[in-house]
Amino acid sequence: MSEILLETRALRKRYGGLVATDSVSLAVHRGECHALIGPNGAGKSTLIAQLAGALVPDAGSIHFAGQNITGFSAHRRAALGFARSFQITSLLPNFTVLENLALAVQSVSGSSFRFWRAVNDETELFERAREILRSVGLEDVATRPVGSLGHGEHRQLELALALATRPQLLLLDEPMAGIGPEESERMVALIAGLKGRYTLLLVEHDMDAVFRLADRVSVLLAGRVIATGTAAEIRANGEVRRAYLGEEENA
Amino acid sequence: MSWPLFAEQCLNGLQFGLMLFLLAAGLTLIFGIMDLINLAHGSLYMLGAYLVASLAQATGSFALGLALGVAATAAIGMALEIAVLRGLYRRDHLSQVLATFALIMIANETTRALWGVQPLVLNVPAALSGSVQLFAGIRYPAFRLLIIAVGLAVALALYFLVARTRLGMLVRAGASNREMAMVMGTDIRWLFTAVFGVGAGLCALAGAMLGPLLAVQVGMGENILILAFVTVVIGGIGSIRGAFVGALLIGIVDTFGRAFIPTGLRALLSPAVADVAGPSLASISIYLLMVGVLFWKPQGLFPARG
Amino acid sequence: MNHLRRHGWLLATLAVALSLPQLAALCGQDFYVSFASRLLIWALLASSLNLLVGMGGMVSLGHAAYFGAGAYVVGILSVEAPGWSSALLVWPLAVALSALLAVVIGAVCLRTRGVYFIMITLAFAQMLFYIFTSLTPYGGDDGLSLAKRLTLPGLAMAGDATFYYVVLAIFAACLTALGRLQASRFGRVLAGIKDNEERMESLGYATFRFKLVAYIIAGALAGLAGALMANQNAFVSPNMMSWNESGIALVMVILGGLGSLWGGLAGAAAFLVLEEVLTGFTTHWQIVLGLILLAVVFFAPRGIAGLFAKQP
């Protein structure tokens with residue numbers, strides 16, 4: 001089996017009486033597309049917040065590329081190659097698409113404590129930014145202010161920003177949330193194109209997309225991982241069917 | 001430190017803290033519910049003190065002047081809310097700072113134009129000008145006792161208003177979740193205006209109570225405004241209980257700091273150093289308290305929002 | 001065309017600034033020379049605050065702390081080390097000490113954000129204000145008069161026109177540096193933090209460090225402004241760090257234009273000229289000024305810079 005890139009060991013987080021993360025041990029292998037699914041309230045958001053460094057776990061640890069990153073801040077995680085896209089679009093609204101990307105590229109190309117030279121003269125930043133925009137299909141709107149884009153384009157830009165930081169692992173937090181079927185299809189194709197080049201941790205509600213994209217799937221229920229396996233294994237898992245998939249069929 | 005001195009400083013601290021609470025209560029609600037930084041809150045305190053002083057002189061009765069002055073200030077506060085501040089609720093904090101800073105300039109200069117540059121005299125009513133034997137060896141000015149009584153009564157009344165009435169329920173809902181308050185009443189603008197009126201009335205009450213002790217003059221609002229903001233921040237924005245605890249804390253720390261830090265330092269340091277360090281340390285003690293509180297609890301002692 | 005117009009404005013401003021002492025002499029109003037020095041010093045203070053508020057989104061209501069600190073470095077040295085009369089020595093010292101103060105205060109204040117940041121910066125400024133108020137060896141409440149201005153080699157600094165040119169040169173240099181900074185990598189990161197700090201964190205930026213550096217630069221420039229003001233007035237007092245001064249600096253920034261390079265100058269000029277003109281009409285000029293500021297909030301929220309900008 002290949003090397004483990006991201007791992008949580010007995011991660012635990014509670015709010016008062018509610019255990020939101022209940023000894024979660026999760027292993028994401030380098031190069032795989034690992035999906036995390038679970039019904040609303042299963043504790044996905046809490047887990048993601050801990051992985052991204054926005055929440056401190058009560059117990060357990062998080063390891064990334066062989067390093068214990070449990071106490072690391074969000075920016076240190078990002079610098080290690082752990083990028084995330086946000087479920088609720090989080091961009092720089094007053095910047096153009098290209099400027100958003102250039103800032104993301106800048107964060108991984110040398111110190112930003114430079115006070116004199118105009119950033120617009122650094123053509124290599126913008127070339128790299130345009131390259132990434134082309135790869136996600138946003139080159140036509142490069143000079144538009146982010147505020148004027150549609151929701152689907154926002155989701156694509158979210159992904160582009162994460163890609164621009166040269167990550168080893170991409171944490172994609174519901175990339176399909178709130179977009180139409182056509183754009184959804186485009187996003188699936190985009191993510192499929194990333195497979196193999198990046199390690200992906202995909203958190204998604206769209207089961208169709210999950211089963212098309214994921215190499216392995218982990219199922220979260222009431223704060224616990226109740227099953228991990230290939231798409232086929234998860235489909236066949238009785239406990240998962242009862243707890244989760246069945247519930248959806250009834251709905 | 002002698003017992004009577006200690007007891008007297010405790011009462012002074014309590015008295016100052018309670019007056020601070022009158023200012024901070026309105027400020028924290030306006031801050032918490034409408035998310036408005038109102039720098040002009042101190043101007044209502046000044047205006048209230050001027051109105052009470054003038055009306056007391058005109059009517060010859062402190063009590064009558066007080067009642068009329070408080071009512072007039074509440075009316076002015078509500079008019080101000082309707083005319084100007086209402087337009088600022090949805091603006092950013094910077095615009096609010098600029099606009100209410102402008103209101104301070106207008107209020108100060110208008111006061112100067114109407115009443116002149118000389119401080120106004122507000123006399124303690126004759127019946128309360130003496131002092132009272134409290135217990136063995138401790139006499140305390142009667143008027144200061146009245147201030148404490150008024151402060152406690154207002155605190156109690158506010159507690160019942162907020163905890164037991166429909167208005168209070170809306171206020172609490174608004175302080176913890178503004179969107180929810182918006183949903184609960186189709187038109188809650190009247191609530192904002194009412195809260196503002198109550199806040200302005202409390203300002204005037206504090207101004208009238210402190211007027212005989214401090215000078216009634218232009219600029220009196222700014223110094224106490226900052227103390228009120230410190231109180232609100234220490235207590236937690238939007239929390240009446242926080243404002244109460246914070247105000248008493250500041251009243252005690254400030255009073256004791258001024259009374260005992262200079263003498264205490266003289267025992268530790270050389271007189272030359274102590275004479276400089278003492279007063280400065282005493283006057284910044286409450287700010288140190290605030291920085292300490294924010295360092296450990298960035299949302300204040302009793303955060304109103306989760 | 002737009003380019004040409006902008007250069008036209010720049011050249012015209014520069015021409016007026018350079019010939020101001022001669023123009024004032026022609027009108028027989030030498031008073032305007034020191035008025036212009038004062039205006040430029042305020043503009044420097046406002047520009048430094050604009051770096052914090054307009055570019056970095058950190059609303060400080062205690063920026064005058066550094067203004068006063070820089071001034072007191074000049075004031076206290078004139079008492080303790082009267083021999084240190086060279087501005088080349090004292091001004092850099094004022095800048096350095098203000099920056100140092102900003103490191104300490106900034107490291108604490110930047111743990112908070114939003115209204116808490118506004119209030120904690122105010123609290124620190126108040127602390128300094130009260131400390132200097134009770135510092136009786138250096139005048140306490142009453143402030144401290146300086147015997148004479150600091151010296152610069154080859155210049156007669158006592159002359160108001162000479163001092164004006166020195167201030168003008170310093171202001172121009174600082175504004176140029178701020179302009180470079182705004183367009184630099186650092187400036188972009190700061191603008192990004194203002195827009196969406198969480199996103200910048202997740203892109204790998206240690207936002208606290210960037211904000212602290214911006215805070216230190218702003219404090220240092222405000223300290224320089226304070227040192228200049230001490231020389232301009234030959235007087236320092238705790239009032240220079242009162243919250244009223246912090247408020248006025250903030251008003252200038254908003255009046256001039258948040259985040260706009262020329263905002264500090266435009267705001268200082270507008271505020272001081274208004275004050276100058278209005279005092280000529282009425283002793284109660286503050287009422288009129290207050291009403292004008294209210295009008296700005298409600299009708300020109302983007303300040304003077306907004307009036308010149310293209311309509312979106």
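FYI, it's all coordinate maths here, none of it is from the lab. This one's a predicted model, so the numbers in the text were calculated from it and none came from an experiment. Ideal geometry is used to build each Cβ from the backbone, glycine not excepted, and the neighbour counts take in all protein chains shown.
Below are the figures for this structure:
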item: Prolate/oblate/rounded label for the protein assembly as shown (Cα gyration tensor, a/c 1.5); result: oblate
item: Cubic angstrom per residue, convex hull over Cα atoms of the range A:3-82; result: 87 Å³
item: Rg(Cα)/(2.2 N^0.38 Å) for the range C:72-190, N = residue count; result: 1.32
item: Choice from C:170, C:287, C:118 with maximal GNM fluctuation in chain C (Cα, 10 Å cutoff); result: C:287
item: Listed residue (C:93, C:144, C:234) projecting farthest to the positive dipole end of chain C, Cβ model; result: C:93
item: Under 5 Å, built H, 5+ apart or other chain: amide partners of residue C:235; result: C:146
item: At 1.567 mPa s and 4 °C, Stokes D of the range C:240-291 from Kirkwood alpha-carbon radius, µm² per second; result: 113 µm²/s
item: Distance (nanometres) between label positions extended 7 Å along Cα→Cβ at residue C:162 and residue B:189; result: 6.3 nm
item: Positive dipole terminus of the range B:3-296, leading residue within B:280, B:49, B:118 (C-beta point charges); result: B:49
item: Extension gain from residue B:160 to residue B:132, taking 0.36 nm per residue of separation minus the Cα-Cα distance; result: 7.1 nm
item: Most positive-pole-ward Cα, B:134, B:215, B:59, against dipole of the range B:3-296 from beta carbon charges; result: B:134
item: Sites residue A:2 and residue C:176, calculated FRET efficiency, Cβ-Cβ separation with R0 56 Å, nearest 0.05; result: 0.55
item: Stokes-Einstein diffusion coefficient of chain C, Kirkwood radius over Cα pairs, 25 °C, 0.890 mPa s, in µm²/s; result: 122 µm²/s
item: At 1.002 mPa s and 20 °C, Stokes diffusion of the range B:183-252 via Kirkwood alpha-carbon radius, µm² per second; result: 155 µm²/s
item: In nm, spacing of pseudo-spin labels at residue C:9 and residue C:302 (7 Å Cα→C-beta vector); result: 1.2 nm
item: Ratio of the Cα radius of gyration of the range A:91-166 to 2.2 N^0.38 Å, where N counts its residues; result: 1.04
item: Residue mean of other protein chain beta carbons inside 10 Å, C:58-69; result: 1
item: Computed label-point distance, nm, for sites residue B:145 and residue C:275 using a 7 Å Cα→Cβ extension; result: 4.9 nm
item: Cα-centred dipole magnitude for chain B, charges only on beta-carbon of K, R (+1) and D, E (-1), debye, nearest 20; result: 480 debye
item: The range A:148-212: equivalent-ellipsoid semi-axes (sqrt of 5 x gyration tensor eigenvalues, Cα, Å); result: 18, 15, 10
item: Ranked C:148, C:194, C:211, criterion: other C-beta atoms within 10 Å, fewest first; result: C:148, C:194, C:211
item: Cα pair count fraction exceeding 35 Å, expressed as % - the range B:3-296; result: 20 percent
item: DSSP H segments from chain B that extend 30 Å or more along their own axis, Cα-based, with Kyte-Doolittle mean of -1.0 or above; result: B:3-34, B:62-83, B:93-115, B:142-164, B:189-210, B:240-268, B:271-296
item: Average other protein chain Cβ within 10 Å of Cβ, residues C:236-244; result: 1
item: Antiparallel bridge percentage (DSSP; both residues within the protein assembly as shown; nearest 5); result: 60 percent
item: Student exercise, chain A dipole from Lys, Arg, Asp, Glu Cβ charges, in Debye to nearest 20; result: 820 debye
item: Lysines with Cα under 28 Å of residue A:13, excluding same-chain neighbours fewer than 8 positions away; result: A:44, B:297
item: Rounded tilt (10° steps) of A:123-136 against the dominant C-alpha axis of chain A; result: 40 degrees
item: Per principal axis, descending, Cα span of the range B:209-306 in whole Å; result: 49, 36, 17
item: Shielding by partners, peptide A:116-124 (average Cβ within 10 angstrom, other chains); result: 4
item: In Å, descending, principal axis extents of the Cα set of the range B:59-161; result: 56, 38, 25
item: Given 12 as the ceiling on other Cβ atoms within 10 Å, longest exposed-site-free region of chain A for chymotrypsin sites (Phe, Trp or Tyr not before Pro) in DSSP loops; result: A:117-251
item: Computed magnitude of the charge dipole of the protein assembly as shown (debye, nearest 20; Cβ of K, R +1, Cβ of D, E -1); result: 600 debye
item: Note, ³J(HN,Hα) from phi for the range A:85-95, Karplus 6.51, -1.76, 1.60, rounded to Hz, x at Gly and Pro; result: 10, 9, 5, 8, 3, 10, 10, 9, x, 8, 9
item: Amide hydrogen neighbours beyond the local backbone of residue A:29, cut-off 5 Å, H modeled; result: A:5
item: Helical contribution to [θ] at 222 nm, DSSP H n ≥ 4, -39,500 (n - 2.57), averaged over chain C, rounded to 500; result: -24500 deg cm²/dmol
item: Distant alpha-carbon pairs in the range A:171-251 (separation over 20 angstrom), percent; result: 35 percent
item: Long-range Cα-Cα pairs in chain A (distance over 23 Å), rounded percent; result: 52 percent
